[in-house]
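Taking it in order: structure first as structure tokens, then the write-up.
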């Protein structure tokens, strides 16, 4: 599957993720990705590398190697800019860093709010409750960004069904996308069915199990996804890598998939995964791997006085 379709808009289904791409590396990775055929780049100010991403975007479009209209660029609103007056300035800062006049998609990164001066919270006092910073107020400020021509589409990340349903009921502009963790250990079937019924697209982040994320975000004895025997067996049968199997699985479920890599060989392999067609028997074996396991479980927002918990974040 090459594209997801939302109304009259086509979204490239396979994108390049930039979370964990370090400064000094991400520029080259984005440049190489665009050179070999990627047209979808997923960014966020929280990744602290948007200026380098922007330099690569500028070089590729400014040199005539790509047209801006052929690119799909997504970024996100960080948790400290949820108050309505902070939304548009945050988006304008991202546009400056990315050297763009507008985004294709802007997402609320988490349904979690910090005080405006807080980049990362150190105590419960650093948070705003969802009563102090209601999601609908943030969303209406996002809608104003659409009206101002700063972004074409808006959406959310890490929203559970209840939060998404509430937003759909109140929004003037429906969210185009919900970006969520999604892989064979966390298949999110109920969420996918809900989103299909309500015409909301889904992007899968951490599709390979995010083995390279910071140690502080890892739990003891985490299950490996790339190393699972079933995934390796399917990869061997098709003559591909385990990563390609996982990417193809996500694409065949009609989700966008945004694996991150800075390695030239793996960038090409990930892109080629779009050509892999898994068989029904492969899909049945992968369906059995469901275990409701989150690598990015949001536990880092749990601290005394924050008002946020993993139980509140997720439907499960």
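Taken together, the values in this text are just the output of simple stated rules run on the coordinates, not laboratory data. In this text, all values refer to a predicted model and were calculated from it rather than measured experimentally.
With coordinates expressed along the principal axes, the C-alpha atoms belonging to the range 182-260 extend over 36, 35, 20 Å, beginning with the largest.
For the range 95-133 versus the range 1-64, the inter-centroid distance based on Cα atoms is 21 Å.
Taking the DSSP bridge list for the chain and keeping only pairs wholly inside it, about 20 percent are antiparallel.
Let a ≥ b ≥ c be the square roots of the eigenvalues of the Cα gyration tensor of the range 227-316; is it rounded (a/c under 1.5), or, if not, prolate (a/b larger than b/c) or oblate? It comes out prolate by the Cα gyration axes.
Would you please classify the overall shape of the range 96-208 from the alpha carbon gyration tensor, given that a ≥ b ≥ c denote the square roots of the eigenvalues, rounded means a/c under 1.5, and beyond that prolate means a/b larger than b/c while oblate covers the rest?
Rounded is the answer for the range 96-208, as its axis ratio a/c remains below 1.5.
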